[in-house]
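Taken together, the values in this text are just the output of simple stated rules run on the coordinates, not laboratory data. Keep in mind it's a predicted model, so treat the numbers as computed, not measured. Positions of Cβ are generated from backbone atoms using ideal geometry, with glycine treated the same way; all protein chains shown enter the neighbour counts.
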Amino acid sequence: MATPGIQLPEEIYATLSGAIDAKSIQRSLTSFSTASLNNVKKAHVLLQCSGGGIGEGICLHNFFKTAPIDLTVYNGGTISSIGVIAYLGAKNRKASKHSMFMIHRTQTTTQSATTQTIKAFAESAVLFDRNTEEILREHIRMPAEKWAHFNHNDLWFSSEDAVACGIADAIADFAPPPGAKLYNI
């Protein structure tokens, strides 16, 4: 966004794209800290995400949920996997008409792993699944058969489906007004 001491408007527009990892979390936290220090009151963030680290996505969810700035996050294309968890943390969630969302259970690889490593992977996957499912169930309303399908398959949602089940709260585009500065997180 900007550095402390720089004059920022009270309402900003920013983009965040790519995998959710340690670097993107660091950029996000730094950007929002800078915005807060510069008295930004409202932020609009366009998110494009194919997934990433589970812990990092949960961190971003928790931060979005408690950010001291009125935050609206937009899906302008596709938000998948742990990106959906992060997105759900925002109080205001918008989806462009042609955007999509995808959720799935924890995935890991055990190639060339020892028995103990496979056991540790399984234990962590169960914990990750429990935590992410709790977040999903706080927001998403789906029939039992959809939740059962989720146990074994990727679930895709159109923008209309996302609004109907509670992932997004409205269909709307990320649309900075003419002359607005656009920041990249």
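Hey, which aspartates and glutamates would be in cross-link range of Lys41, C-alpha to C-alpha under 12 Å, not counting anything within fewer than 8 residues on its own chain? Counting by Cα, and skipping residues close in sequence, Lys41 has these aspartates and glutamates nearby: Glu10, Glu11, Asp70. Here the extension length gained between Gln107 and Lys42 equals 19.9 nm, from 0.36 nm per residue of separation less the Cα-Cα distance. Hydrodynamic radius of the stretch 11-184 by the Kirkwood approach over all distinct alpha-carbon pairs: 16.8 Å. Output the pairs from Lys42/Lys146; Lys91/Lys119; Lys94/Lys119; Lys23/Lys97; Lys23/Lys146 with a Cα-Cα distance over 32 Å in this structure; if there are none, say none. With Cα atoms farther than 32 Å apart: Lys42/Lys146; Lys91/Lys119; Lys94/Lys119; Lys23/Lys146.
Entry note, the chain: the mean residue ellipticity at 222 nm calculated from DSSP H runs of n ≥ 4, each adding -39500 (n - 2.57), is -12500 deg cm²/dmol after division by the residues and rounding to the nearest 500. Of the peptides 168-175, 11-18, the order by per-residue mean of other Cβ atoms within 10 Å, starting with the highest, comes out as 11-18, 168-175.
Peptide packing for 134-146, 79-91, 45-57 was compared via the average number of neighbouring C-beta atoms within 10 Å per residue; ordered from the highest value, the list is 79-91, 45-57, 134-146.
Scanning residues 5 or more positions from Tyr183 or on other chains, those with amide H under 5 Å from its amide H are Tyr13, Ala14, Thr15, with H placed 1.01 Å from N in the peptide plane.
Quick one: compute the contact order of the chain, relative version, from alpha carbon pairs under 8 angstrom and 6+ residues apart, as a percent. Answer for the chain is 25 percent. Note on the chain: antiparallel DSSP beta bridges, both residues inside, total approximately 15 percent of the bridges counted.
Sorted largest first, the principal axis extents computed over the alpha-carbon atoms of the stretch 1-114 equal 53, 35, 20 Å.
Compared with the dominant principal axis of the Cα atoms in the chain, helix 54-66 is inclined by about 40°.
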